[in-house]
Amino acid sequence: MTRGQFIALEGGEGVGKSTQTRLLADALRARGIDVVVTREPGGTPGAEVIRGLLLGLDGEGWHPRAEALLFAAARADHVERLIRPALSRGQWVICDRFVDSSRAYQGGGGGLSDADIADLHRIGSEGLLPDLTLLLQVPPAVAEARLSLRDTGGSDRIGGRDAAYHARVAQAFARIAEAEPARFARIDAAGSPEQAHAAVLSALSSLLSSGLSRS
Ligand code: TYD
């Protein structure tokens, strides 16, 4: 059985990841690919419980190290119970956020080192990385405008952090993608969802031809 492909979508708040995840899953299914769509934090019952601990507004919140450990623990369960088994069955996994979110948020935003996040990921998930990571990007002014339009009262604990935090997250994402061009495709998400979707499909073209020719 050929292993499936693992694709992650990443980016800051309000860049349209969920829409692009859905459009991509539909497009792959239309090509006859067996797709599993999932998200982080969460994706398994245990990881969804941890998601509630991380994003809920109860309690006094987490120190950056505790927060990074909780994300790594949620990811460990998700990788072990859902992602690896699906890939082994030959399914493609599309994940809304993965370890690069920890690098950008807990690292860039929260101040942990990239080496520490990598250690947690090695211990928790044996360092599993996506075959392709799509980084959805909008110019800083667009991100700020979208953030300021948000109802902060309805925002989660991390999404509701200040603009400086989110600017550090965006910078970290850009840095990470630049350092690993083979794994990342940067997607301009400032236009319409259809335009971004076309860019996503074109970023996937070589994966699609190799994946389909093997199946
Ligand atoms: P979610 O509601 O899924 O937000 P979004 O629609 O922006 O993806 O909440 C996920 C939040 O958790 C988001 O603010 C990013 C944050 N996050 C981290 O800080 N580290 C991580 O490793 C992951 C996976 C998410």
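Under 5 Å from the amide H of R186 lie the amide H atoms of L135, each residue being 5 or more positions distant or on a separate chain, with H modelled from the backbone and absent for Pro and chain starts. Once the convex hull of all Cα atoms in the chain is built, its volume per residue stands at 115 Å³.
Phi angles of region 182-188 translate, via the Karplus equation with coefficients 6.51, -1.76, 1.60 and θ = phi - 60°, into HN-Hα couplings of 6, 8, 9, 10, 8, 10, 6 Hz per residue; Gly and Pro are given as x. From most to least packed by mean Cβ count within 10 Å, the peptides 25-35, 52-62 give 25-35, 52-62. Farthest towards the positive end of the charge dipole of the chain, among the residues I187, W62, V49, is the Cα of I187, using unit charges on the Cβ of Lys, Arg, Asp and Glu.
Counting Lys and Arg as +1 and Asp and Glu as -1 over every other residue whose Cβ lies under 15 Å from the Cβ of R175, the net charge comes to -1. Think of the chain as a dipole: +1 on every Lys or Arg Cβ, -1 on every Asp or Glu Cβ, centred on the Cα centre; then among L149, G32, G108, G32 lies furthest on the positive end. Quick one: check the C-alpha center-to-center distance for region 76-149 versus region 2-38, whole angstrom. Answer, in whole Å: 14.
A short reminder: the numbers here are calculations on the coordinates, not readings from a lab. Just so you know, these numbers come straight off a predicted model, no measurement behind them. Counting neighbours? That spans all protein chains shown, and the Cβs are built from the backbone with ideal geometry, glycine included.
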